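Here is the structure we will look at.
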Amino acid sequence: MVRMDEAIRTRCCIAGGGPAGMILALLLARMGVDVVVLEKHADFLRDFRGDTVHPSTLELMHELHILDAFLKLPHQEIRELSGQIGNETVPIADFTHLPTHCQFVALMPQWDFLDFIKEQASRYSGFHLITQAEVIDLIEENGSIAGVRAKTQSGPLEVRAPLTIGADGRHSIVRQRVGLTVIDLGAPMDVLWMRISRRPTDREQTFGHIVAGKMLVLLNRENYWQCAFVIPKGKGEEVRQKGLESFREQIVSLEPFLRDRITELRDWKQVNLLTVAVDRLEQWSRPGLLCIGDAAHAMSPIGGVGINLAIQDAVATANLLGDKLLRQNSFGSELEVVQRRRDFPTRATQRVQLIVQNKVIKHVLGSSKPLRVGWPLKLLRNFPVLRRIPARVVGVGFRPEHVRTPDVHPLG
Ligand SMILES: Cc1cc2nc3c(=O)[nH]c(=O)nc-3n(C[C@H](O)[C@H](O)[C@H](O)COP(=O)(O)OP(=O)(O)OC[C@H]3O[C@@H](n4cnc5c(N)ncnc54)[C@H](O)[C@@H]3O)c2cc1C
């Protein structure tokens, strides 16, 4: 990185320090590419944004030789997933047969995960993270993106690079500024997220509970339950207007064991609304610019695969472009190679999510009659071996990536 007053020159400028941006930065710095990440927040400690670290991501950590260190951080491990339909409990996914080193989904606050990745990346001299730096515009020269303009605490900043990466999430300013076309695939639901304390005598499992018109997912986070209450699209305000008492009652009607602590929810500030979006870009790149992660494709929360897909994009980008970044000073249509590689897993995952959204969730939220366990769930209940299929789709996904880039410049 070369700093000249308010301008920086680097090989790769990444807008956004989420899972996609940070993993890509780690991989590039690890192979000797100079990289600057601009993150608009001061740190990674912010609202709940998903805590799942999937077996395929853990496998990548194994390939990077950082898995043991990672697993020393506080986390929980989900080996099986089950759902409750009415009064019947149905096992859905069994991760214990996956062909990966870790046969579980690890649950860890995203800020701990990102702090860990930052720590690992900081071992390489080419890694530079600038926080409180909000990308507000792109620099365009001769029909190619040549970097970004950002707002920082100390004034405006320009970062110039042969390659700019838009990893700035589902509301990406990068994709908006460059005018990439977004295909909106729609979602019938939004999600209200909240924490409710967990007692040692509570059940262990992470599980979902579905009854006519309602859905609640509880993730075991040791001393609290991370709860996701699914509501019909756009009804967040209506739920609020009915009042907190009515909301608490809805939760307790699904999970009566929470009654003794539901009053912990004292304020709507404790309840976060996730506006569910499922979309993808028609084209992920323009000369000099590539979007990855949620900026290229926002995922539905079904299966909790957004972080995983974002990380897989980052690995594919490093594998396909890392070498070129060491020597090439401009990038044109070769950037399309990343979309060609990642388009199938993105489409296939979104296809599965849309089927679940439209065939299951829409039906549940619109239903007033008692629900029955459908034949796919009956199959999973009766034939344990079939539970390996959802585990594979969720835990590993389609076309998993592997680290193919070298580790050339550790600082020691
Ligand atoms: C409430 C909620 C719950 C979720 N639960 C799960 C889950 O359980 N499992 C799962 O896999 N996924 C979950 N997701 C989705 C998951 O968080 C995303 O798919 C994943 O984080 C995408 O990673 P990313 O790096 O592409 O984008 P993001 O994680 O969105 O990261 C983008 C980063 O860019 C920064 N940024 C944005 N704009 C700018 C700018 N202009 N300049 C500089 N920086 C900028 C942001 O601050 C952020 O750090 C959830 C999302 C939400 C909102």
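The values are calculated or read from the model by the stated rules, or taken from the named source; none is laboratory data. As the structure is a computational prediction, the values presented were derived from the model and not from experiment. A quick note on method: Cβ atoms are made from the backbone with ideal geometry, for glycine too, and the neighbour counts reach across all protein chains shown. Accessible surface is based on the protein model in full, side chains and every heavy atom, while ligands, DNA and RNA are left aside. Shrake-Rupley method; radii C 1.70, N 1.55, O 1.52, S 1.80 Å.
Things worth noting here:
- Matching helices (runs of 4 or more DSSP H) fully within region 1-99 where at least 3 residues are near the ligand (Cβ under 10 Å from one of its atoms) and under 30 Å from N329 (Cβ atoms): 19-30
- Scope region 364-407; condition more than 26 Å from T100 (Cα to Cα), of a type in the set (A, V, I, L, M, F, W, C) and open to solvent by 60 Å² or more (accessible area, probe 1.4 Å); matching residues: W375
- Against the test of being modelled with pLDDT under 85 and charged (D, E, K, R), the options R347, R327, R372 yield a single qualifying residue, R372.
- Tabulated pairs, region 168-182, first open to solvent by 20 Å² or more (accessible area, probe 1.4 Å), second polar (S, T, N, Q), C-beta under 8 angstrom, 6+ apart or interchain: T181/Q283
- Matching residues, region 220-236, being free of Cβ contacts under 8 Å to residues at least 40 places away in the same chain and open to solvent by 20 Å² or more (accessible area, probe 1.4 Å): N223, Y224
- Selection status of R351, within 26 Å of the chain's Cα centre (by Cα), farther than 23 Å from I92 by Cα and away from the ligand (no atom under 12 Å from the Cβ): no
- Exactly one residue out of V217, V191 is assigned to a strand (DSSP E or B), open to solvent by 10 Å² or more (accessible area, probe 1.4 Å) and in contact (Cβ under 8 Å) with a residue 12 or more places away in the chain, and it is V217.
- Residue in region 118-137 that is more than 10 Å from the ligand (Cβ to nearest atom), outside any strand (DSSP E or B) and in contact with a Phe, Trp or Tyr (Cβ under 6 Å, 6 or more places away or on another chain) present: yes
- Within region 93-119, residues that are among the small types (G, A, S) sit with their Cβ atoms under 7 Å from residues that are open to solvent by 10 Å² or more (accessible area, probe 1.4 Å) and part of a loop (DSSP other than H, G, I, E, B), at 6+ positions apart or across chains, in these pairs: A106/H75.
- Within region 76-92, restricting attention to residues that are touching a helix residue (DSSP H, G or I) at 6+ places or on another chain (Cβ under 8 Å) and in contact (Cβ under 8 Å) with a residue 60 or more places away in the chain, the residue that is most open to solvent (accessible area, probe 1.4 Å) is E80.
Results for (1) at pLDDT 95 or above; (2) on the phi > 0 side of the Ramachandran plot; (3) buried (at least 21 other Cβ atoms within 10 Å of the Cβ), shown as yes or no for each residue.
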{"position": "I14", "(1), (2), (3)": "yes, no, yes"}
{"position": "L45", "(1), (2), (3)": "no, no, no"}
{"position": "T57", "(1), (2), (3)": "yes, no, yes"}
{"position": "H65", "(1), (2), (3)": "yes, yes, no"}
{"position": "P74", "(1), (2), (3)": "no, no, no"}
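- When residues of region 115-144 are limited to those that are of a type outside the set (G, A, S), open to solvent by less than 60 Å² (accessible area, probe 1.4 Å) and over 17 Å from C12 (Cβ atoms), the one farthest from the chain's Cα centre (by Cα): D137
- Verdict on N272 being touching a His at 6+ places or on another chain (Cβ under 8 Å) and within 12 Å of the ligand (Cβ to nearest atom): no
- Leading residue by the ranking (farthest from G86 (Cα to Cα)) among those in region 241-260 that are surrounded by 15 or more Cβ atoms within 10 Å (Cβ to Cβ) and touching a residue at least 24 places away in the same chain (Cβ under 8 Å): L244
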